[in-house]
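Colleague: Can you read through this structure? Questions will come right after.
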Amino acid sequence: MSIELQNISYTYMPGTPYCRDALLDVSLKIERGEFIGIIGHTGSGKSTLVQHLNGLLRPTAGTVSLDGANMHERKQALKSVRQKVGMVFQYPEHQLFEETVFDDVAFGPRNLGLSDEDVQQRVESALECVGLSVADVAKRSPFRLSGGQMRRVAIAGVIALRPEYLVLDEPSAGLDPCGRDEIYAQILQLYRTSGMAVVLVTHNMEDVARMAKRLLVMDHCRIRFDGPPVDLFHDETIQLRDFGVSLPHVTSLLKTLRAHSLDIDDTLQDEEVVVEAIRSALKRKRDSSC
Amino acid sequence: MLTDIMLGQYFPGNSFVHKLDPRSKIVLTLTFITSIFLANNYISYLTVGLYICLIVLVSGIPVKIVLRSIKPLWIILLLTAAIHLFMTPGTTLVAWGPLSITGEGVKQAVQMSARLIYLILISSLLTFTTSPIALTDAIERLLSPLKRLKLPVHELAMMMTIALRFVPTLLEETDRIMKAQMARGADFSSGNIIKRAQNLVPILVPLFISAFRRADELATAMEARCYRGGDNRTRMKELSLGLNDAVATLTIIMLVLVLTWLRWGWSA
Ligand SMILES: Nc1ncnc2c1ncn2[C@@H]1O[C@H](COP(=O)(O)OP(=O)(O)OP(=O)(O)O)[C@@H](O)[C@H]1O
Ligand SMILES: [Mg+2]
């Protein structure tokens, strides 16, 4: 059970002066239940990569398969691929169109041809997943909601398809820090309870370092790193700056402390744990110096 | 993909054709289009064709791309050719039941198709080698005598510039919205006409909302930069006629002379 990309390349507008490579020979395997973060600077090909995961883009070279079957072999296959791999685009609230929040979230399930009860049930549970109260918003126009609420309705619209893989392209872009934390908390919650794989694209190292178990760093159309975040932060041979990304604040703080000869584990992530570790390290240092 | 649409796209370059003054390009294109109607026999059509080939060669635009501009209109071409082929009265060559092909029909079909293809090619070449901004600039200049008649020429040109500027943006936006709705299981390629029209709602509503949002933002941005119409504005790029334009004009004059001679020289 996995999505597999084999040596895919993608070129936008081939054969014109505007032609532009966006992916070069990328291979990747995503298993059920993984939480993958994709990070990289603007234009490194992140969005292009994730649009291959549910067959929205067809690679110029290479193959994309879901559960061992090539996505682009039959047209019928794409429909089930799109249901199994849910995709939330950058600024998903720009795609809202229905008169009520309920109808908008129901758009996906109705396209699946489900019965009215099923649709209703899915819509309600999807809205709850993103922390919106059904009674409050279901009958309102999606265009009368706040930006953060619109974003959540749009995400609910994809969750309502009950995908096995959920791909989110910068779900926090343009939200305030509070809204961002809430969205991520809900995504994490959803990941833990539903068991679906999550692929999260972002610019922000803080976000992925905390949540993702596996991190992909993209740079110039290629995947430059694939592994657990800690490995990336502690691999001395990798110059993160070259990829246009930076260490999470916590890690760079711990590294600085170590450089100033404080005996501390710099792989820690959780804030509480870090505070505790710094405190005890300082205590040890004081004890040994007197 | 939608953004692959070629019609009216500019291909930056540095050729003789690119460097012509956009005003002369427009006037020469119009002259050329009129001169196509002088052609009335195969040799003159061939001459016009050769002239177009010459422009393509000089402009350095890949032949494949020039030919691709015909693609969106091939149905119209086919229809025109078919109508002329079967409907022109004259001496019958072949006949199947009610349908018959006449010698005059063949000639008409070939010449009308050639005429249409030339029209498409030359106008595509104009937009391939001239940036939209240069085009509207030139149109504004060419129409500026009409200002005396109190026609808002500058405003019209500005509207055109903005419209042209936003065509690719809106296409991109449409593409994005389509993808997002497809990811939610929308299907744009099957069903009957009514179903298909209904399927457009999820694209059109977000598209209009975003177009209005953009218009609003653009208006604010222009206001913030103190834009206020055409009077006393200076230009970053002044248009100027040069030797190139004289040479190009000369070739067009020669073409017109040759076509005239081919037309009346023959019958006389
Ligand atoms: N529709 C398109 N047409 C042409 N080129 C495109 C298109 N979309 C993206 N590109 C180009 O492909 C490359 C990769 O773009 P992509 O959108 O995948 O980057 P990204 O990593 O998602 O960037 P961001 O962080 O800004 O979202 C860029 O160089 C971009 O200019
Ligand atoms: Mg992107």
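Bear in mind that the values in this text are calculations on the coordinates, not laboratory data. The structure displayed is predicted, hence computed values, not measured ones. Positions of Cβ are backbone-derived with ideal geometry, glycine not excepted, and every protein chain shown enters the neighbour counts.
Colleague: What do you get for the angle between helix A:177-194 and the principal long axis of chain A? Use alpha-carbon atoms, 0 to 90 degrees, nearest ten.
Modeller: 70
Colleague: Using the membrane-span-like helix rule (whole DSSP H runs, Cα extent along the own axis of at least 15 Å, mean Kyte-Doolittle hydropathy at least 1.6), which helices of chain B qualify?
Modeller: B:42-59, B:74-87
Colleague: Taking DSSP loops as anything outside H, G, I, E and B, show the longest stretch in chain B free of trypsin sites (Lys or Arg not before Pro) there with at most 15 other beta carbons within 10 Å.
Modeller: B:1-149
Colleague: Using a basic spin-label model with each label point 7 Å from the Cα along Cα→Cβ, how many nm lie between A:LEU188 and B:MET222?
Modeller: 4.8
Colleague: A further question on this structure: Can you tell me how the stretch B:98-242 classifies by the Cα gyration tensor, rounded, prolate or oblate, using a/c under 1.5 as the rounded cut?
Modeller: Verdict is oblate for the stretch B:98-242.
Colleague: Quick one: how many lysine pairs does chain B have with C-alpha atoms less than 28 Å apart and a gap of 8 or more or different chains? Give me the count, please.
Modeller: Lysine pair count for chain B: 16.
Colleague: Identify, among B:VAL201, B:LEU243, B:ALA221, the residue whose Cα sits farthest towards the positive end of the charge dipole of the protein assembly as shown, taking +1 on the Cβ of Lys and Arg and -1 on the Cβ of Asp and Glu, with the dipole about the Cα centre.
Modeller: B:LEU243
Colleague: Using the Cα atoms of chain B to build a convex hull, what is its mean projected area in square nanometres?
Modeller: If you wrap the Cα atoms of chain B in a convex hull and average its projections, you get 21.0 nm².
Colleague: In addition: How far is helix A:116-129 tilted off the main Cα axis of chain A, in degrees rounded to 10, range 0 to 90?
Modeller: Between the helix axis and the principal axis of chain A, the angle is about 20 degrees.
Colleague: While we're looking at this one, here's another question. Going toward the positive end of the dipole of chain A, with +1 on Lys and Arg Cβ and -1 on Asp and Glu Cβ, which of A:LEU175, A:VAL199, A:LEU262 do you reach last?
Modeller: Checking the options against the dipole of chain A, the answer is A:VAL199.
Colleague: From the residues B:PRO98, B:PHE128, A:GLY113, which one has its Cα farthest along the dipole of the protein assembly as shown in the positive direction, the dipole being from +1 and -1 charges on Cβ of Lys/Arg and Asp/Glu about the Cα centre?
Modeller: Of B:PRO98, B:PHE128, A:GLY113, it is B:PRO98.
Colleague: Let me ask another. Report, as an integer, the average count of C-beta atoms from other chains found within 10 Å of each Cβ along A:85-98.
Modeller: Across A:85-98, the average partner-chain Cβ count within 10 Å equals 5.
Colleague: Still on this structure, I have one more. Considering only lysines 8 or more places apart in sequence, or on different chains, count the pairs in chain A whose C-alpha atoms sit under 27 Å apart.
Modeller: For chain A, the number of qualifying lysine pairs is 14.
Colleague: Here is a follow-up. With a Förster radius of 25 Å, plug the Cβ-Cβ distance of A:GLN121 and A:LYS79 into 1/(1 + (r/R0)^6) and report the FRET value to the nearest 0.05.
Modeller: Result of the calculation: an efficiency of 0.70.
Colleague: Can you list the residues, at least 5 places off or on another chain, whose amide H is less than 5 Å from the amide H of A:ARG224, using H built in the peptide plane?
Modeller: Close amide H contacts, sequence-distant or interchain: A:VAL217, A:MET218, A:ASP219.
Colleague: Using a Förster radius of 51 Å, what is the FRET efficiency between B:LYS64 and A:ASP67 based on their Cβ-Cβ separation? Nearest 0.05, please.
Modeller: 0.85
Colleague: I would also like to ask the following. Once you have all Cα-Cα distances for the protein assembly as shown, histogram them in 10 Å bins from zero and send the whole-percent values.
Modeller: Result, from short to long distances: 3, 13, 19, 19, 17, 14, 9, 4, 1, 1, 0, 0 percent.
Colleague: If the only charges are +1 at each Lys and Arg Cβ and -1 at each Asp and Glu Cβ, what is the size of the charge dipole of the stretch A:1-124 around the Cα centre, to the nearest 20 debye?
Modeller: In total the dipole reaches around 620 debye.
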